[in-house]
Amino acid sequence: MTQDLLLTIDAGTIDWSRAQFALTAIYHWLFVPLTLGLAVIMGICETIYYKRRKALDQGKITDQSVVDFWQSTSKFWQRLFGINFAMGVATGIILEFEFGTNWSNYSWLVGDIFGAPLAIEGIVAFFMESTFVAVMFFGWKKVSAGFHLAATWLTGLGATLSAWWILVANAWMQYPVGCEFNPDTMRNEMVSFWEVALSPFAVDKFLHTVISAWIVGAVFCVAVCCWYLLKKRHVELAVKSIRIGAVVGLVAAVGAALTGHKSGQDVAEVQPMKLAAMEALYNGGTEQGLTMVAWVNPIGQPDYANEEEPALRIALPNALSLMATNTLDGYVPGINDILNGYLKADGTREPSADEKIARGKEAIAALQGYRQAKAAGDAAEAERQLKTFRANEKYFGYGYVRDKSELVPPIPINFWAFRAMVGLGCLLILFFGLVWVLSFKVPFLSVFSRRLLATLGLMPETQSDVHGATKMPCWLYIAAIVMVPLAYIASESGWLVAEFGRQPWTIQDMLPTWAAVSDLHSGSVMLTFFLFLILFTTMLAVEINIMLRQIKKGPEL
């Protein structure tokens with residue numbers, strides 16, 4: 001890979017390839033979190049069914065209708081899971097093929113590393129979930145209740161393991177470890193599988209992503225139940241399922257906040273430019289505040305070189321330093337600090353962008369010199385060039401950067417997406433807390449909550465139960481339905497931060513996007529972009545239609 005080769009690639013190809021991959025990823029992520037979240041909901045429902053059935057067999061209860069109810073409830077949530085699962089598989093397969101079609105340079109350079117977790121995902125995790133999902137749907141009368149319960153949880157576990165290996169691959173792109181570049185093959189080769197699979201970045205990313213997916217499933221569960229309560233249909237299923245959704249959602253929302261804090265520390269350590277873009281932090285320093293609100297132009301890149309900070313900025317004192325360094329006075333570099341070079345906390349100096357670019361070009365030249373000397377049989381010269389390459393290898397990717405401004409990711413997208421994620425996350429914690437208090441009728445808290453809502457004029461002082469089932473204001477039912485798209489916005493915003501914040505890198509500090517793309521004509525990629533747009537939009541419309549029909553149909557009694 002040389003600078004001359006890059007000049008032959010159409011600039012439009014890079015933009016359309018990025019757009020096509022983003023399109024596929026965004027549509028795919030519409031299905032994945034609901035799959036992971038509903039896996040927990042249906043697993044809990046069937047566990048209750050199994051315990052009730054066991055109690056009936058042991059004579060501890062005598063009401064068969066209780067057992068039948070929980071079996072019907074389990075099947076209801078499993079049907080919704082299955083519809084969503086099928087759509088997620090279809091979009092996921094296309095996403096993986098795009099690595100070979102649109103990003104062949106990337107696949108060539110790091111395929112030995114990146115391909116390993118994806119292969120394990122397909123061979124082990126996907127095989128596991130696709131096997132047990134058949135038992136879950138068709139084995140109710142063919143296997144024992146215990147085996148069926150295990151199959152249900154293993155289906156969810158298989159989906160979670162799929163997410164694990166995919167997130168390991170993505171985390172490696174954010175924080176490449178466990179690999180070594182081979183100048184003879186011109187490829188990065190894995191030297192430690194476990195370092196790749198169990199890197200702190202991968203573990204934290206997995207926990208935060210999967211827990212946030214449970215939020216989407218819980219919001220969906222609560223919204224469906226609230227719709228039933230509004231329509232006064234399937235009240236028993238709604239009341240009992242809403243409690244499951246409230247517990248899962250509240251635990252997941254708090255868990256996402258905690259794991260998000262740890263992920264933020266990982267980003268501060270290995271991707272400081274991403275953190276600076278998320279905060280629109282132009283000039284860093286110690287005792288940095290976490291921006292609550294500020295006016296960052298949502299359209300164009302700010303003039304970060306000449307602005308001290310965004311206009312109308314209101315910040316939480318010292319909170320950014322605390323998040324990034326675990327100390328109130330920790331140093332957090334801004335965009336200009338990273339571009340111009342700065343002194344790190346350990347006393348070492350981080351080179352400027354210009355220095356990195358120069359050393360990257362030196363690494364590229366040394367690699368070319370090594371290969372030429374090797375071909376000519378000049379062992380001494382090859383050794384000298386290889387030594388020069390290894391000394392500058394860390395900055396190899398910077399050699400393909402044309403201007404240091406390219407190293408700054410799109411600030412408006414990162415800034416506003418991060419605030420959408422965090423703001424909606426806080427709203428979801430409050431929402432689930434309120435639903436939990438009111439749906440469980442916690443003696444002191446529920447009375448206090450109802451009086452508080454009554455004082456605010458949001459519900460009457462006394463309210464009769466809906467069929468004697470629950471005391472929740474009708475506006476909360478509507479709010480639950482509105483929360484479904486808001487939960488998706490929060491989830492998608494997290495991915496926007498993760499991926500746009502890494503720009504311009506396909507692999508952090510190793511391979512920029514314009515050096516990773518396939519040498520295709522932009523018109524071909526543009527055509528497939530619109531074909532995928534039509535296909536995925538149709539699939540989404542079909543899924544929504546089928547899901548709504550199943551929800552209207554309700555459980556099979």
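Within the stretch 132-144, the set of residues being in contact (Cβ under 8 Å) with a residue 12 or more places away in the chain, assigned to a helix (DSSP H, G or I) and open to solvent by 30 Å² or more (accessible area, probe 1.4 Å) comprises Phe132, Val135, Phe137. For the stretch 465-479, does any single residue satisfy the condition of being modelled with pLDDT under 55, polar (S, T, N, Q) and within 24 Å of Ser241 (Cβ to Cβ)? For the stretch 465-479, residues modelled with pLDDT under 55, polar (S, T, N, Q) and within 24 Å of Ser241 (Cβ to Cβ): present. Remark: pairs (first residue in the stretch 545-556, open to solvent by 90 Å² or more (accessible area, probe 1.4 Å); second residue of a type in the set (Lys, Arg); Cβ separation under 7 Å; 6+ apart in sequence or on different chains) = Glu556/Lys75. Counting only residues that are surrounded by fewer than 16 Cβ atoms within 10 Å (Cβ to Cβ) and within 22 Å of Asp10 (Cα to Cα), the stretch 482-532 holds 7 of them.
Among the conditions (1) buried (at least 17 other Cβ atoms within 10 Å of the Cβ); (2) at positive phi, Ala373 misses just one, which is (2).
The residue that is farthest from the chain's Cα centre (by Cα), counting only those in the stretch 58-80 that are open to solvent by less than 50 Å² (accessible area, probe 1.4 Å) and hydroxyl-bearing (Ser, Thr, Tyr), is Ser72. Residues that are part of a helix (DSSP H, G or I), out of contact with any Leu (no Cβ under 9 Å at 6 or more places or on another chain) and either open to solvent by 20 Å² or more (accessible area, probe 1.4 Å) or without any contact (Cβ under 8 Å) to a residue 12 or more places away in the chain (or both) within the stretch 213-239 comprise Trp227, Leu230, Lys231, Glu236, listed in sequence order. For the stretch 511-540, name all the residues that are modelled with pLDDT of 85 or more, under 30 Å from Phe396 (Cα atoms) and assigned to a helix (DSSP H, G or I). Thr513, Trp514, Ala515, Val525 - these are the residues of the stretch 511-540 that are modelled with pLDDT of 85 or more, under 30 Å from Phe396 (Cα atoms) and assigned to a helix (DSSP H, G or I). Within the stretch 163-189, the set of residues being within 23 Å of Phe396 (Cβ to Cβ) and open to solvent by 30 Å² or more (accessible area, probe 1.4 Å) comprises Tyr175, Pro176, Cys179, Glu180, Asn182, Asp184, Thr185, Met186, Arg187, Glu189.
Residue by residue, here is whether (1) of a type in the set (A, V, I, L, M); (2) over 39 Å from the mean Cα position of the chain (by Cα) holds:
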position	(1), (2)
Thr348	no, no
Ala353	yes, no
Leu367	yes, no
Lys374	no, yes
Ala380	yes, yes
Glu383	no, yes
Glu406	no, no
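If you go through the stretch 145-197 and pick out every residue that is among the small types (Gly, Ala, Ser) and not in a helix (DSSP H, G or I), you end up with 2. When Gly249, Gly300, Gly245 are checked against the criterion of being farther than 15 Å from Val435 by Cα and either assigned to a strand (DSSP E or B) or open to solvent by less than 70 Å² (accessible area, probe 1.4 Å) (or both), Gly300 stands alone in meeting it. Once the stretch 7-51 is narrowed to residues that are outside any helix (DSSP H, G or I) and open to solvent by 30 Å² or more (accessible area, probe 1.4 Å), the residue that is modelled with the highest pLDDT is Asp10. Screening Thr152, Thr160 for residues that are open to solvent by less than 10 Å² (accessible area, probe 1.4 Å), closer than 18 Å to Gln78 by Cβ and polar (S, T, N, Q) leaves exactly one candidate, Thr152.
The values are calculated or read from the model by the stated rules, or taken from the named source; none is laboratory data. Just so it is clear, the structure is predicted and the values come from calculations on it, not from any experiment. Glycine gets a Cβ as well: all are built from the backbone with ideal geometry, and neighbour counts include every protein chain shown. Each accessible area value is taken on the protein alone, full model and side chains, heavy atoms only, with ligands, DNA and RNA left out. Shrake-Rupley method; radii C 1.70, N 1.55, O 1.52, S 1.80 Å.
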